[in-house]
Structures are given as C-alpha cells and as structure tokens.
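Some notes on the structure that comes next.
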C-alpha cells in the first residue's frame, strides 16, 4: 500500500519538483561508495556527472520511489544541506511564503503602471516558486506526519503561480523560471555537495574522536611502559649489585682456596721428603740384613766344609713311558658339551680365541668368505656382550691383504701375515701368562694338542656352533 501511495503522490508532483528530486539524487549518487550503490543505479553512477540527472532520470526516480534506503540517504544529504528547512518540514510547519496579492486596479491608474504592477507580481511569484518546491521536496523526502498534505499544498501553490494571464509577462516568467531552474539546479548540486561534505565532516569528527581515544590509550600504555621500564631498571640495578657482591665474595673465597692449596702443596712436599727419608732408612736396614745373612751363609759353608754334590735328585728317578696327557673337564663334562664352554667363559678374565675359517666353513659353507666372516664376528660380538670375556678371532691372511678389518665392538680380529692362522693362535696362547683361562675353539687336532700343551683349553668348533645356536 505504501508503494501505491508513493506512486500516486509521485504522479501528483509538479515537474520542477520531480526534476529537483532527480538532480538531488544524482548528486548524492555521485558521492556514494560503489559498494553502497543500489544494483539498479550502478550503471547510472558510471555516467558523467552532467548526464546522470538526464540520461538516468527514470532509474533515479524509480529508486527514489521504491528504495527506502536510497531515499533515506538522499533525505539525510538534503537535511544536512538545509537544516532549518528540514527541521520545519519535519515539524509539519508550512515554510513557503504566501504569494503577494495584487491590489485592484484604480480607475486612474496608467496602463504602464498596471503593466509594471503585473510584472512585479510575476517576479514575486517566480521568487516564491522555489520555496514551495523546497517544501514539496523536503516533505516528499522526509515523510513527516501529514507530509501528503504539505506536498499537495506546495504543488497547488506551484500550479496557481504558473497560470499567468498576460503573454509578455508569461514569457518573462518563463525566462525567469529557466534562470531559477538553473539556479535551483546549481543550488541543489551545491546543497548535495554541502550535505556530502557535512557527512564527511561528521565522519571525520567521529574518526578524530576515535583517534583521540586511541591517542589517550597509547599515551596510557606509554606511561605504563615507562613505569615498567623504570621498575625493570631498578630491579636490574639491584640484581647487578647483588651479582657484584656475590662476585666479590667468590673472589675472596677463591683467594682463600688458593692459599689453602699452597699450604697443602707445601705440606705434601714435606710429607714426600719424610717418606723418601723413611724409605731410604728401610732400604738401608734391609741391605744390612741381607749382607748379614749372605756373610753368615758363606761362613757356615766354610765352617762345615761340605764336599761337592755328586748325585742329584733327578738321577734317582727311573725313566718311565710317558702316559698320554688328559685334560680334566669341568664338572665331569666332555669337550663336546656346550655347557663346558659356558663354564669356561664364566671364569674370571677368560680369553676366547677362535680359529675363524675353521668355524665359519663348518657353519656357513655355502657363503662367500666375506659373508662368513661377517656372520661369525656378529655372533662372537653377541657372546662378548653377554659374558664380558675377551674375544680374539684369527683368520688366514689372503695375498695382498693388509691385515686390517672392520671388527664389531669387543671382538679383536687378526689376520695372519706371512704365516697361517694356526701359528698366530699358538703365539697368542704362548703370550698369555700362566694360570689365565684361555679357550681355543678349533677342530684342528694339531693346533688343539699344541695349545693344550701350552696350558690352554681346546674346544671343537661344533661346541661353539651349538652354543651360538642357543642365542
């Protein structure tokens, strides 16, 4: 129903009022941001400023009639441009002046005076027309209570003022109306610009208020930051003073410690001197005692006059056939029992010596020598890690071999150079001190006999392989 009323009222508006509304809307459209422009007017906004009110009159008028948001924006701009008139129209008060009324012709009046009076009345009417148009524009845009009556009264006033009786006066009035229309267009443009400028000024004031608040907040933050900085500086100075005090205390303690150290070194030197003196005295006493015993033995030999020794104890022993040597076993176990190897490796400081290729060829005959060495060394490393014994693995050196090899952890790898691995194993056994448990793993009977004669244990290769199979 509102659209019907708007359409009917728009049809009753005089053409100057409608044209003024379209011009005002064109001015406001030129000041709007593209995102705020209605869809129907985006093409019109791209027109040149002078063509918007003419080429885009129909879309602008349609938007004013049916788009309340756009009409409201135009109304705000118009109200900022004419605040007094906007307040009067919003209050529902008529603001257009009454048209002057001509006095009746006096019988003695001259024709020229009558023409002048009519011309002045036409000029007054022409000057009253813009006020009535402004009332109609304001009432149509702002829509106060009873705005339809204001629009009808302003339209009736414009219609009554536009009915002249004299053609020359009408011609003058038309010329004046055109000039007034041009002035009104300029005034509307200036009013729209003034309204937009006032809106921008209001926005600028709001922004300035926001900036002032932000400035106050930043000043408060800066004051707080300065206060925190002063507090941090005071704390840093206190910490520095405390650190300096601790440093001085540490320097004093260091000086005391240095003095104590010098005193301790002097005392230790004195004790060393006393120890050397005591050792010299003990050596002298032992030397005197030894000399006394030697001299006493010589005197006793001379006193007894013993004859030379003719028969020695070994001469009384009859020669017998040598019985084959038999190595005792551990807890009654034979050398082929893997438990014997466990018992031997469990003895303190045991040394396991392995004839490398003798064991690897029995365990991995289908593999290449390098792969045999790798697998055997990995297994021996596992045994060394589990038992903690010393493990040495000997291999026959190949022609051109340097004798070095990458060995796993806790396993010593040796390659014979200029000899065979059997001789290298014999040298290792002979190098060990008597009484140490040395276990040689080999199936070579000659090597086993030699190492057993030297005091080592000989275990067959299959015994070690059976032990490795249980890992």
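The values are calculated or read from the model by the stated rules, or taken from the named source; none is laboratory data. In this text the structure is predicted, and so the values were computed from the model without any measurement. Note: ideal-geometry Cβ built from the backbone for every residue, glycine included; neighbour counts use all protein chains shown.
Some values worked out for this structure:
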| read-out | value |
| --- | --- |
| Search result, residues across the stretch 434-471 that are modelled with pLDDT under 90 and over 18 Å from residue 360 (Cβ atoms) | 434, 435, 436, 470 |
| Matching residues, the stretch 331-374, being more than 57 Å from the chain's Cα centre (by Cα), at pLDDT below 90 and in a loop (DSSP other than H, G, I, E, B) | 331, 332, 333, 334, 335, 336, 337, 347, 348 |
| Any hit, the stretch 381-389, residues being over 23 Å from residue 342 (Cα atoms) and either touching a strand residue (DSSP E or B) at 6+ places or on another chain (Cβ under 8 Å) or at pLDDT 90 or above (or both) | no |
| In the stretch 459-471, residue nearest to the chain's Cα centre (by Cα) [restricted to those that are in a helix (DSSP H, G or I) and closer than 16 Å to residue 394 by Cα] | 464 |
| Residue within the stretch 23-38 that is more than 55 Å from the chain's Cα centre (by Cα), surrounded by 17 or more Cβ atoms within 10 Å (Cβ to Cβ) and either in a loop (DSSP other than H, G, I, E, B) or at pLDDT 85 or above (or both) present | yes |
| Qualifying residues in the stretch 80-95 (those that are in a loop (DSSP other than H, G, I, E, B) and within 15 Å of residue 154 (Cα to Cα)) - the one modelled with the lowest pLDDT | 95 |
| Filter result for the condition that a residue is on the phi < 0 side of the Ramachandran plot, in a helix (DSSP H, G or I), surrounded by 10 or more Cβ atoms within 10 Å (Cβ to Cβ) and within 60 Å of the chain's Cα centre (by Cα), over 291, 260 | 260 |
| Filtered residue count, the stretch 432-458, keeping only those that are more than 13 Å from residue 392 (Cα to Cα) and not in a loop (DSSP other than H, G, I, E, B) | 11 |
| Residues of the stretch 41-70 that turn out to be crowded, with 20+ Cβ neighbours inside 10 Å and either in a helix (DSSP H, G or I) or at pLDDT 85 or above (or both), as a count | 8 |
